[in-house]
Structure formats: C-alpha cells, structure tokens
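Derivation of every value follows stated rules applied to the coordinates shown; laboratory data play no part. All of these numbers come straight from a predicted model, not from anything done at the bench. All Cβ positions, even for glycine, are placed from backbone atoms using ideal geometry, and neighbour counts span all protein chains on display.
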RNA sequence: GGCCCGUUCGUCUAAGGGCUAGGACACCACCCUUUCACGGUGGUGAUACGGGUUCGAAUCCCGUACGGGCUACCA
C-alpha cells in the first residue's frame, strides 16, 4: 500500500509572510488535498537571534485568511509533535552524536573570529569565499586535525564546539527533483556544513532531515534557493535513515520582483504588497502592507499565486480553491522563475470581485465602509449598493470611492464640471426635479429616466447636458453607476436634498 | 570566482519533432456607454545566439551569452 501523503510548510518566525511563502503553502496544500494527505506546519525557530515575537501567530493568521488550514501544527495539534523545532532540541543532538560515532561528522572548535580570519587569509580574487572543506579542514581546530586525545581534552574542558558534516572526497550525489528532473552534485565542490551549533541547536540542514523523517513527510516542497544545499540533505538521509525513506523533493521556482529576487523593499518601492497581511515590525513599529489590507480577496490572492508558474494546460485562468485542488499536478509546475506582475494580480482580483456574490462581498464592504455596527435597514441598502458597484471595484478598497457617497453626502462637489454650461433654464429644471422627487412617487430607475428626458425635451434642453450635472449633485464627481440607479438607492428624499444643496452652490 | 538552476511577445504562459507559434495581463484603435468602469471587436508584439541530429527543431544534443539562486554557528 502507498504511504499516506504528508507534506509540510516549515517557516521560520522571523517576519512577514512573503508571496513566495504563501505559494509554497498553497502548493503543499493543493498536493495534500488532492491526494487525501495531511498538511503540516512546522515552526523552524532554531535561530534564537532571529526570533521575532508575534511572527508565529501572524503566520497562522495569514493561513486562516487564505483558508489554508493545516491538519497538524502548533495550533492545530497532531500526533507528530512538538511542531516547534526549539522544543525538539534533544532529538537533533542524538543524531549529531550518532554521525560523529560513525565518523561521518566531526567536532569543530573554531571560534567565529578564527573562521573569519581563515576566510580572510585564504580569500583570493579567484576564490573570494573560501569554504570550510576537505582542502582546509586538517589545518583547523577540529577533531579530525586534533586527534582523539586533544579532542577529548577540549570537550572535557567544556570548550564550545559545533558539529560539522564530513563531506566525502569525491562522490556524485544525485536525486530526482519532481520539477527539474535529475540534479547532481560533486561532493568535492561542497563544504563541511555545520549541523549542530555551539548553542546546541541544529542548523536547518540537520533539523529538516530529522524532522521530515520523524514526521513521516513524503513530499517536500520548498523554494529553489534550497537547491544548492540539497546534497547535504541527501547525504544526511543516506547516513541516518536510508535514501529509500527520503521524501520526494520539489524545488519551486522563485517569484521575482521587477529586478531579481522579490524583496520587501521592492514592494515599498514599486507600490505593491509583498506580504499576505500587514506586518508590523515589533522593534521598529514599521508596517509593511499586505494583500489583505490592500483590498485583495483571498480567493483571488491564491488564484493569482497558483497561476504564477503553474497552469492546468488549458486556457482557464480563474480557479476556485477546489478547482485548483482538482486540477493540480506537480508536473505542470514551471521550472523557470516567474516575475510578479502587479497589474495582472489586480486583474485577478477584479475578476474575483465581479464573480463573487453580493453576500460574499457584503462583509468586506461593510467592514471598510463603516466603523460601527450597522442596522438591518442599512445592510439591506448596502446589499443593493454592492450589487450596483462591485463590477467597478478592482480592489476592495475601491468601495470607499465607489460606494461611500451612498451613505455619506459628498464632502465636495466637482462643480467646475457643471458651471461651464450652466444656465437659468437648467437651474429651473433641477428645481422642478428636486420638487418631483420630494412630492411624487417616480417609480424605478427606468421610469425616472423617462420622466427626466420628457421634461428636458419639453423645455428644449438636451438630456445629455443635464445628466452630468445630476451625477455631480448626487455623487460629487464623474464616477459611479447609472445616475437613476443611484437615485433609486438613495431614495427620493435624499436625492431631492442633494439636488437642493447643490443648487445653493451654483449661480 | 566556484557550484547549481533557468531562458517562447514588455509580463504570466500554451505548443513536450510536423498548421499562418495560441491565450491572458498591459498597451493602441474602434464599438457600446450623454460619467467612469464593465463588456465587445480588432491591432502591435516572442522561440537569446551559434553549431549539430533530422525529410522536418521552440521542442533533442553541444557550446556561448544572458538571467537567477547559493557560497553563515540564517532559514
């Protein structure tokens, strides 16, 4: 029987959740759901210096907003915990000791200063970043160079040490990546990576292998930036658990910004978000805007991320989460990096707003338009407004401009758009119109338009020259849905009031 | 510098030996609309370069160029 599919997303709680991170989550999630598997979130908090308070809760908030709930995690529980690496510390030490025992790893006592010195001394123009590798390891302070007795002496004296993997002299390490096919590395070009740090914490390399094994991960998705360290992980799997136990790797192409790797700065510089939700740096108080707050629907956010480097082979571009699950396949993930295009991202959002139901959009609008709870009557009115204006909103935040005037009288009227062709006759027409709204029942939008045009014709006025002034009077500017639709939602009293008020501002 | 990955319109991509290289975003034009959008129709626009293999190459192979990533006791 096939092993049950288990995948994981393994972020370090150091800051905002990036576009690329969400896409990695999404692909994990889609793959898990597609194969009735489990999606696990494991917190990789092994670097205590980079730990940022609040980042972990923030991460789960983002996943919740996206609707990508894990099956197992710090917050969701599960039988493979703990799901925080800092709480699994002793486990890693055990494997580090085992590797040393088998002479596949060794103790290194070099201090950070000594390492820095070594690198500075060995650096040449043709080799700007010397490695801690087979070439130099015998000249450094480690158990390989020092011998058993001296090593024991240092250990007994409590000298701080790290554990480094002993890269084989010359061996070709190969594996089949689900996205790129066979990838191979020559160990002769690789360095002796640290596995266990001086503080007893594992590095990513050791932790990812140990945890993937213990959590029975079957498929490991991660960003392409990890590809160069894959051979270290392959080697550890070989040494510790056997290659046949190793999960299948899939290195996802990177999401690029306008120039190169997408960074937080790019967002600030080019005016688009890079994080899923607003992230506040607790040390500086600096806020980095998120897609949520920018006015994206999570459905659209996931949709656009999925289509960045993946497609189902057809020309379909708009997918619900369920449709993504149904049609997802790793083979159709592109191998090249994809440049993020904010214009296209907005298009996805617009398509989603258009296709979403009024009920789906109602809370989104309500939350943005009102600070306090609203009455049932107001909510009914808002429903009509949403239906009327949603097609014109690219971002949810556009609702302020597109729908705000239904609830609040426009602060300013763009009267310059009227005054050019203003006349006493027109004034008289609007006085009549305000009176009509005030005193008679004018019927639906079509009926109002008919009456409006008939009256204009009887006064020898062009309806077209009266429509724009009416719009300005009701809306404040040259935007919004059909004027009579607006008047209908506003109701006759408010419509009459707005016309009357505008007339006081006109000659 | 070394190692690894990549390369089809400006951007995201389809086409995995065989049509005039298809679609989407953006852009332009026209239509619709007496606001602005939506919508409709059409248009501009690409196989990085050089060699092979083949009757035939965007597709397979090699080289070059370019782009990206990694090269920490960070992930």
Sort A:488, A:189 so that the residue with the fewest other Cβ atoms within 10 Å of its own Cβ comes first and the one with the most comes last.
A:189, A:488
Among A:359, A:326, A:192, which comes first, second and so on when ranked by fewest other beta-carbon atoms within 10 Å?
A:359, A:326, A:192
Using alpha-carbon positions, the gyration tensor of segment A:197-321 gives root eigenvalues a ≥ b ≥ c; with a/c under 1.5 called rounded, otherwise prolate if a/b exceeds b/c, else oblate, the class is oblate
When A:183, A:208 are arranged by how many other beta-carbons sit within 10 Å of their Cβ, fewest first, they go A:183, A:208
For chain A, take the longest principal axis of its alpha carbons; what is the angle in degrees between that and the long axis of helix A:55-66, to the nearest 10 within 0 to 90?
50
With label points built 7 Å along Cα→Cβ from the Cα atoms of residue A:216 and residue A:374, find their separation and express it in nm.
5.0
Measuring from the longest principal axis of the C-alpha atoms of chain A, the long axis of helix A:492-505 (C-alpha) lies at a number of degrees, nearest 10, equal to 80
Where Rh is the Kirkwood radius over Cα pairs, Rg/Rh for segment A:138-242
1.02
Run through every distinct alpha carbon pair of segment A:88-206 and return the Kirkwood hydrodynamic radius in angstroms, one decimal place.
15.6
Förster-model FRET efficiency, 25 Å R0, residue A:176 and residue A:225, C-beta, rounded to 0.05
0.80
I'd like the projected area of segment A:50-99, averaged over all directions, using the convex hull of its alpha carbons. Report it in nm² with one decimal.
4.8
Sequence gap at least 6, Cα distance under 8 Å: using those rules, report the relative contact order of segment A:207-299 to the nearest whole percent.
20
Cα-Cα pairs above 20 Å in segment A:409-507: how many percent?
28
Mean 1/r over distinct Cα pairs of chain A, inverted to a Kirkwood Rh in Å, yields 27.4
Percent relative contact order of chain A, based on C-alpha pairs within less than 8 angstrom and at least six residues apart?
12
With angles folded into 0 to 90 degrees, how steeply does helix A:463-475 sit against the dominant principal axis of chain A? Use alpha carbons for both and round to 10.
60
